[in-house]
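Here, each number is a calculation from the coordinates, and none is a lab measurement. Just so it is clear, the model here is predicted, and its values are computed rather than measured. In this analysis, Cβ positions are derived from the backbone assuming ideal geometry, glycine residues included, and neighbour counts consider all displayed protein chains.
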Amino acid sequence: MSKKKTEPTEYDTATMAALLEEKPKRGRPPDKVSRQNVYVALRPDEKALLKELVGHLPDGLGRADLADLTITILNARLEALRRAVAGRNREIPEGVTDMDSLYLLWDLPLPPKESEEKWTSVRVSPQQVIELGRVHGALNAAFGASRSETFSLGLVLLDRYLSAGDFQGSQMSLGELRQSIQDNV
């Protein structure tokens, strides 16, 4: 049996794929780096906080960038905590024994207990997925924190940071805002 190459006929080029090849795609253009879905359980007030935080972002950044910024600030805070106890053989200071004490250490309002959460997915760049895994691993090992609790802590930290700064109306890229977070935490 021999395989012969045949030239495409007029019928082969009229397929639906060929017809749609030049048609522009709908929706958001693809990011420079494709993002990945991360599933977290958020309370209704946290979902409302996500919508509110969009208004505090610099021009050009949107809701899609909030998850990356949340992980960036959480990672920066934990790195600062590690540096604070660098001379000892600990990752977390002695007085921090649970998630609530971590909230109190950073002077954050405690999350409500026993509230209803709904699963949602957030789109995160690949490097931030790795960072979230590191932060979640540290908090899970130390306090038994879930990924959702870790992300919620980051949301509260991001809210505090964006509320304190005057980023609204400024022209900053995502990379510049990440650098600003890392420098000021």
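Here are the numbers for the structure shown:
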{"quantity": "Leu108 versus Asp59: modelled label distance in nm, points set 7 Å from Cα along the beta carbon direction", "calculated": "3.1"}
{"quantity": "Residues listed by number, segment 127-161, amide nitrogen under 20 Å from Gln182 label point at 7 Å toward C-beta", "calculated": "127-138, 154-155, 157-159, 161"}
{"quantity": "Label-to-label distance, nm, for residues given as Met172 and Val85 (7 Å Cα→Cβ offset)", "calculated": "2.9"}
{"quantity": "Extension gain, Thr15 back to Asp98 (0.36 nm per residue minus Cα-Cα distance, nm)", "calculated": "23.8 nm"}
{"quantity": "Label point 7 Å beyond Cα of Asn140 along Cβ direction - residues of segment 65-97 with amide nitrogen under 11 Å", "calculated": "none"}
{"quantity": "Signed unit charges on C-beta, dipole axis of segment 64-185, positive-most listed residue Leu105, Val156, Ala80", "calculated": "Ala80"}
{"quantity": "Calculated P(r) tail over 19 Å for segment 96-169, as whole % of Cα pairs", "calculated": "43"}
